[in-house]
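Accompanying notes for the structure given below.
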Amino acid sequence: MGETMKEENSAGNISRREMLAGTAIAVTTLALTKVTGVEAASPPQAVVPVVSAEVSFTVNGKIQKLEIDTRTTLLDSLREHLHLTGTKKGCDHGQCGACTVLVNGKRINSCLSLALQHENDSITTIEGLGTPEKLHPMQSAFIKHDGYQCGYCTPGQICSAVAVLEEIKAGIPSHASGDLNAEMLFTNAEFRERMSGNICRCGAYSNIAEAAAEVAGA
Amino acid sequence: MKSFTYQRVTTPAEAAAAIADKPGAKFLAGGTNLLDLMKLQIETPAHLIDIGRIGLDKIEPTANGGLRIGALVSNTDLAADPKIRKDYGVLSRALLAGASGQLRNKATTAGNLLQRTRCPYFYDTNQPCNKRVPGSGCAAIAGFSKQLAVIGSSDACIATHPSDMAVGMMALDAVVETINPAGKTRQIPISQLYRLPGKTPHLETNLEKNELITSVVLPAPVGGTHIYHKVRDRASYAFALVSVAAILFKDGSGKIAIGGVAPRPWRVPGAEKLIPSGAKAFAAKLMEGARPTQDNKYKLALVERTIELVLKEGKS
């Protein structure tokens, strides 16, 4: 969805993303100058070498090979290396769910996973669920039911909601399930409990739940 | 995050041997807690041994009618396993009361047992913390301690163990199985896995250096009514203020462990003969020796009332 925003911003205008990227470079240059100045007066610090390693995984059906700093999270590998900026960095500590992606069909927080842990995994991001021309039913339902305001948490909400429907179909219970051994059904209470790892500061929750209910046929 | 080298291993024995060769190395399983702590530089391993693909991801029957849960079974898969749901409901309920769907998909059984405290002073690297920097002091005792321990704590540390799953396993008398770098295996009852902080809160378990948990064994089903009741500040996705894991039998007896109150899941088997006498008598014995702060003395009343609720639910 982020890529779409960029395309819509054509006609010679600098997009918000490009503007921010330009600012970041300017700030970095300033910081480097400052550090160089300090270093001239103080003893040199030990340089910690960057350790890199190779990883290969499939993202939205395409095989990707990366040589990356071992510290790179799956989230940063998607955003900074593969430029799939639909997946968002919110808290970067697994508390907000903005970074939710599907790995081998299961939703995880991509911020709390090293890219290196995903050798040969199959990853689906918001860009892989649907395209502007051919939206995933959950994307269409979010638009129809106004399931977002600022949109920042939306890719994570949509990936999570798609996975929740699959989890219910697979019979995985939740904290809201009355009987652990009964058939699992989509209800508003079930959906809300299962989505508690996706925070929306705009408070679009009730519309998100309506969107998911429509897709679930509930 | 501090720079580190990274290695994948393929068997438990290879994992245990690999860690012995590398000073400053840690095992990486799901990573949901370790990576978070590495970002904050509370954990700074020089080397990570990724054990994500060494097997240990099955739940299998044991010879005496119990279940052996592989250390790498995810929290989701464990909670959803038909045998766990049917015969060990307290464990399924405890798991589902913890974390979020995304985290449960990634978090592992052994990783859940070994997760670190969420004490805010452990997380704030500007504050003294005997668990994070031994000997530096404890900022929590005179700080905001509403969430923290009321029993089993010490003058050096009042952190709680954050797991829900471990509370369920404590009520179920689970046994942890391990392997060490020499290839030697052993069994540790979960009641003996965790240390109380005393003067050394940085030593949290009785695992030896470089010992790897390979599985958790549940004894044969004991029947009874299984209940996990968690009290927290919001309805979902929050750590427990108090939680009660209970297996209650028709004759009025039971097994009860408490979460959110101590540095480990809190269970006093000697107090359980008082369960038939009701919540007040049982809770008084269970929480004997409690040393709450002004901020968290409410937990003692909350423990008693939550037990009362659970005992009522067990009878209905």
Along each of the three principal axes of the Cα atoms of segment B:163-316, give the extent in whole Å, ordering the values from largest to smallest. 50, 39, 32
If I model segment A:93-218 as equal point scatterers sitting on the Cα atoms and use the Debye formula, what is log10 I(q)/I(0) at q = 0.10, 0.17, 0.21, 0.22 Å⁻¹? -0.30, -0.88, -1.28, -1.37
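Can you list the trypsin sites (Lys or Arg not before Pro) in segment A:132-186 that are in a DSSP coil and have 12 or fewer other beta carbons within 10 angstrom? Mind showing how you got there, number by number?
Working: sites: A:Lys134, A:Lys144, A:Lys169; in loops: A:Lys134.
Taking segment A:132-186 and a limit of 12 other Cβ atoms within 10 Å, the loop trypsin sites (Lys or Arg not before Pro) found are A:Lys134.
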Give or take rounding to whole Å, what are the principal axis extents of the alpha carbon atoms in segment B:1-145, in descending order? 48, 39, 28
Can you pull the Kirkwood radius for segment B:5-50, inverse mean 1/r over Cα pairs, to one decimal in Å? 10.8 Å
If each K or R counts +1 and each D or E counts -1, the residues other than A:Cys96 whose Cβ falls under 14 Å of its Cβ total +2
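What number, in percent, do you get for the relative contact order of chain B if the mean sequence gap of Cα pairs under 8 Å and at least 6 apart is divided by its residue count?
Numbers: 689 pairs, mean separation 55.9, N = 316.
Relative contact order for chain B comes out at 18 percent.
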Where does the charge balance sit around A:Lys106 when Lys and Arg score +1, Asp and Glu -1, over other residues with C-beta under 14 Å from its C-beta? 0
Length-normalised contact order of segment B:5-50, Cα under 8 Å, at least 6 apart, in percent, tallies to 56 percent
Among the aspartates and glutamates, select those whose C-alpha is under 12 Å from the C-alpha of B:Lys26, and discard any that sit fewer than 8 residues away in the same chain. B:Glu43, B:Asp50, B:Glu211
Interface A:B - total buried accessible surface [probe 1.4 Å, Å², rounded to 100]: 3400 Å²
Which order do peptides B:286-292, B:186-192 fall in by mean Cβ count within 10 Å, highest first? B:286-292, B:186-192
Which residues of segment A:158-176 end up with at least 10 Å² less accessible area in the presence of all protein chains than when their chain stands alone, using a 1.4 Å probe? A:Glu167, A:Gly171, A:Ile172, A:Pro173, A:Ser174, A:His175
Quick calc of log₁₀ I(q)/I(0), the protein assembly as shown, Debye, one scatterer on every Cα, no solvent, q values 0.08, 0.09, 0.10, 0.11 1/Å, result -0.56, -0.71, -0.87, -1.05
Indicate the gyration tensor shape class of segment B:78-237 (rounded, prolate or oblate), computed on the Cα atoms with a ≥ b ≥ c the square roots of the eigenvalues: a/c under 1.5 is rounded; otherwise a/b larger than b/c is prolate and the rest oblate. oblate
For the protein assembly as shown, with the dipole built from +1 on Lys and Arg beta-carbon atoms and -1 on Asp and Glu ones, taken about the Cα centre, which of A:Val215, B:Gly252, A:Thr124 lies farthest toward the positive end? B:Gly252
For the charge dipole of the protein assembly as shown, defined by +1 on Lys and Arg C-beta atoms and -1 on Asp and Glu C-beta atoms about the Cα centroid, which residue among A:Gln149, A:Met138, B:Val216 has the Cα displaced farthest towards the positive pole? B:Val216
Set the Förster distance to 45 Å, then compute FRET efficiency between B:Ser277 and A:Ala189 from the Cβ-Cβ distance, nearest 0.05. 0.80
Once segment A:152-218 is represented by equal point scatterers at the alpha-carbon sites, with solvent omitted, what log10 I(q)/I(0) does the Debye formula produce at q = 0.15, 0.17 Å⁻¹? -0.43, -0.55
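At a temperature of 20 °C and a viscosity of 1.002 mPa s, determine how fast segment B:225-314 diffuses translationally according to Stokes-Einstein, using the Kirkwood radius over alpha-carbon pairs as Rh; express D in µm²/s, rounded to the nearest whole number.
Numbers: Rh = 13.2 Å.
Taking Rh from Cα pairs, D becomes 163 µm²/s.
How many Cβ atoms of partner chains, on average, are near each residue of A:104-113 if near means within 10 Å of its Cβ?
Values: counts 1, 1, 8, 8, 11, 9, 2, 4, 12, 6.
Mean shielding count: 6.
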In whole µm²/s, the translational diffusion coefficient that Stokes-Einstein assigns to segment B:175-222, given a Kirkwood hydrodynamic radius over C-alpha pairs, 4 °C and 1.567 mPa s, equals 110 µm²/s
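Rounded to the nearest 5, what is the percent of antiparallel bridges among the DSSP beta bridges in segment B:5-50? Display every interim value, and only then the final one.
Values: 0 of 8 bridges.
Taking every DSSP beta bridge within segment B:5-50, about 0 percent pair in antiparallel fashion.
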Roughly how many debye, to the nearest 20, is the charge dipole of segment B:15-68 about its Cα centre, given +1 on each Lys and Arg Cβ, -1 on each Asp and Glu Cβ, and no other charges? 40 debye
Using the Cα centre of chain B as the reference point, and only Cβ charges (+1 on K/R, -1 on D/E), how large is the resulting charge dipole? Debye, rounded to the nearest 20. 420 debye
Alpha carbons only, please: Rg and Dmax for segment B:267-316, in angstrom. 11.3, 36
Using only the alpha-carbon atoms, what does segment B:1-82 span along each of its principal axes? Please give whole angstrom values in decreasing order. 45, 26, 17
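Rounding to the nearest 20 debye, state how big the charge dipole of segment B:268-316 is about its Cα centre with +1 on each Lys and Arg Cβ and -1 on each Asp and Glu Cβ. Don't skip to the answer; put the middle values down first.
Values: 9 positive and 6 negative charges, 15 e Å.
Here the size comes out at about 80 debye.
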Tell me, what is the 1.4 Å probe accessible area of A:His81, in Å² to the nearest 10? 80 Å²
With the cut-off at 31 Å, tell me which of the pairs A:Lys65/A:Lys88; A:Lys62/A:Lys89; B:Lys209/B:Lys230; B:Lys106/B:Lys250; B:Lys58/B:Lys131; A:Lys89/A:Lys169 have Cα atoms farther apart than that. B:Lys209/B:Lys230; B:Lys106/B:Lys250; B:Lys58/B:Lys131
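As an exercise, find the ratio Rg/Rh for chain B from alpha-carbon atoms, using the Kirkwood inverse-distance average for Rh. Could the numbers behind the result be given before it?
Working: Rg = 19.1 Å, Rh = 19.9 Å.
For chain B, the value is 0.96.
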With all protein chains present, the protein assembly as shown has a carbon and sulfur share of its accessible area (1.4 Å probe) in percent of 55 percent
Potential lengthening between B:Leu203 and B:Arg232 on full extension [0.36 nm per residue; Cα-Cα distance subtracted]: 7.7 nm
Integer Hz, Karplus 6.51/-1.76/1.60 couplings in order for segment B:225-238, x for Gly and Pro: 9, 9, 9, 10, 10, 10, 9, 8, 6, 9, 6, 8, 6, 8
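The values are calculated or read from the model by the stated rules, or taken from the named source; none is laboratory data. The structure displayed is predicted, hence computed values, not measured ones. Here the Cβ is made from the backbone with ideal geometry for all residues, glycine too, and neighbour counts use every protein chain on show. What goes into the accessible areas is simple: the full protein's heavy atoms, side chains included, and nothing from ligands, DNA or RNA. Shrake-Rupley method; radii C 1.70, N 1.55, O 1.52, S 1.80 Å.
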